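Written below as structure tokens is the structure these notes are about.
Values in this text are rule-based calculations from the coordinates and carry no lab data. Nothing here was measured: the structure is a model prediction, and the numbers come from that model. Here the Cβ positions follow ideal geometry from the backbone for every residue, glycine too, while neighbour counts run over all protein chains shown.
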Amino acid sequence: MPHFIIDCSEGILKSHSEEEIIEHVHISAVSTELFNKNDVKVRVNSFKNYSTGDKKEDFIHVFANIMQGRSIEQKLNLSKTIVKNLTLMFPLVPNIGTNVIEFEKTTYFNRNMLDPTYKFSMP
């Protein structure tokens, strides 16, 4: 936690690799000082088929999935930082955006939270 899911058009990968994009989003997230760098997870989904309104223009959209508890100002700064840094990296991409989605602490669960004596069984 947190998870940054990058959806993008396939065309943007001609100028920068997935690894470079992942690194830039990771650095952007860590620079906000909201997260420990070892906790930030980033991945890319590229699309060959898509639309951007009534045209087909390159795009990047980052879905920032974070644990609830940050202020509106912190979440806005996170979004602005990611968009600003991606815009510097991709000055010709017309559609770059980010939105923040919050996980509820009461319903979030991962493997590390399991009881160490838990044994998996198939039904």
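Dipole of the chain (Lys/Arg Cβ +1, Asp/Glu Cβ -1, origin at the Cα centre): which of Leu114, Leu78, Asn65 lies farthest to the positive side?
Leu114
When Rg is the radius of gyration of the Cα atoms in the range 50-96 and Rh is its Kirkwood radius, what does Rg/Rh come to?
Over the Cα atoms of the range 50-96, Rg/Rh equals 1.07.
Could you state the angle between the C-alpha long axis of helix 72-89 and the longest principal axis of the C-alpha atoms of the chain, as a value from 0 to 90 degrees rounded to the nearest 10?
Compared with the principal axis, the helix lies near 50 degrees.
Given the rule -39500 (n - 2.57) for each run of at least 4 DSSP H residues, summed and divided by the residues of the chain, what is its mean residue ellipticity at 222 nm, to the nearest 500 deg cm²/dmol?
Value at 222 nm, helices only: -8500 deg cm²/dmol.
What share of the DSSP beta bridges in the range 2-123 is antiparallel, in percent to the nearest 5?
Within the range 2-123, antiparallel bridges account for around 30 percent of the total.
In terms of Cα to Cα distance under 16 Å, which aspartates and glutamates are near enough to Lys48, apart from those fewer than 8 places away along the same chain?
Cα-Cα hits under 16 Å: Asp7, Glu10, Glu18, Glu57, Asp58.
How large is the translational diffusion coefficient of the range 14-123 in µm² per second when you combine the Kirkwood radius over alpha carbon pairs with Stokes-Einstein at 25 °C and 0.890 mPa s?
Approximately 151 µm²/s, per Stokes-Einstein.
Quick one: dipole size for the range 7-62, taken about the Cα centre, charges +1 on Lys/Arg Cβ and -1 on Asp/Glu Cβ, in debye to the nearest 20.
Dipole of the range 7-62, to the nearest 20 debye: 120 debye.
In degrees from 0 to 90, rounded to the nearest 10, what is the angle of the helix 18-31 Cα long axis to the longest principal axis of the chain?
Tilt relative to the chain: about 70 degrees.
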